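One structure below.
The values are calculated or read from the model by the stated rules, or taken from the named source; none is laboratory data. Computed from a predicted structure; not experimentally measured. Quick reminder, even Gly has a Cβ in these numbers, built from the backbone with ideal geometry, and neighbours come from all protein chains shown.
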């Protein structure tokens, strides 16, 4: 029967459809159970290299398609440590301030008596003898041996950009607790003409010690923690002595976070810009061509944790 008798001429369109076939093949899957990172699964230097690249660019490394296929889609499921950050409670905030006190006070202990040092938590400022200090950023690690995990505590100030040449008390501060969660992750990985697209679903549960994981997972989580924390740890503050005709002092910048994608966070970038503006030692700070984001630091920390896990699939050891 002629097609013209079934369809009106000009109304029949023919379009190509993809030919979908199913294959069974090995793919790279992040594994924290297969062996200790430092010995079997993946060398720690290679892990550090991956973290450095991810922290400097914020972009996932290229994940090779199985067998070099250009168009393919598959799902991988695995367990991994993800970080979730929240505002610290009063107990943790006091613990952060206690450690910050010890850290900053030690820098002045040779010249200033103990009873002359005072720290003000509402705006992360301090007085030490003739000095007036302004803390911009502080991190510390805390390991809970009973629970079997490590936490990160963060303090960051929010200075007013309206201030010109001098610091004052027109500051506020935030305190955060970042905690690891043992997470079941399902990631769909699709390649279209060699371009990779990922879509991830996570199911979190609190990271606890009893029955946490088989094999080496807990040890590897700790190695992952250390590699990540090294990118954000630090202490930054300005200490000055003010006179009637000026001031003298110094800026302490004990961190490399300004050389990473974390420095693009809205709150950190605002603090950093203010510190640069009034610093006498601006040449010490590395200036990179990063664009400030709308997200705050803890949001970038949570994103980085997931991306670091997915980036493991770019390492040939996982296959």
Query raised in the report: Yes or no: residue 212 in contact with a helix residue (DSSP H, G or I) (Cβ under 8 Å, 6 or more places away or on another chain) and at pLDDT 85 or above?
Result: no
Report summary line: Taking region 240-286 and keeping residues crowded, with 21+ Cβ neighbours inside 10 Å and modelled with pLDDT under 80 leaves 274, 275
Query raised in the report: All but one of (1) at pLDDT 60 or above; (2) in a loop (DSSP other than H, G, I, E, B); (3) under 27 Å from residue 75 (Cβ atoms) hold for residue 50; which doesn't?
Result: (2)
Query - Number of the condition not met by residue 231 [criteria: (1) outside any helix (DSSP H, G or I); (2) at pLDDT below 90; (3) in contact with a strand residue (DSSP E or B) (Cβ under 8 Å, 6 or more places away or on another chain); (4) crowded, with 16+ Cβ neighbours inside 10 Å] - result: (3)
Query raised in the report: Before we move on, is residue 185 buried (at least 17 other Cβ atoms within 10 Å of the Cβ) and either closer than 18 Å to residue 306 by Cβ or modelled with pLDDT of 65 or more (or both)?
Result: yes
Query raised in the report: So which residues in region 83-110 are touching a helix residue (DSSP H, G or I) at 6+ places or on another chain (Cβ under 8 Å) and surrounded by 18 or more Cβ atoms within 10 Å (Cβ to Cβ), if there are any at all?
Result: 83, 85, 88
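Please work out if residue 41 is assigned to a loop (DSSP other than H, G, I, E, B) and either surrounded by 10 or more Cβ atoms within 10 Å (Cβ to Cβ) or at pLDDT below 60 (or both). Let's see the steps before the verdict.
Numbers: assigned to a loop (DSSP other than H, G, I, E, B): yes; either surrounded by 10 or more Cβ atoms within 10 Å (Cβ to Cβ) or at pLDDT below 60 (or both): yes.
Yes; evaluated as a whole, the condition is true for this residue.
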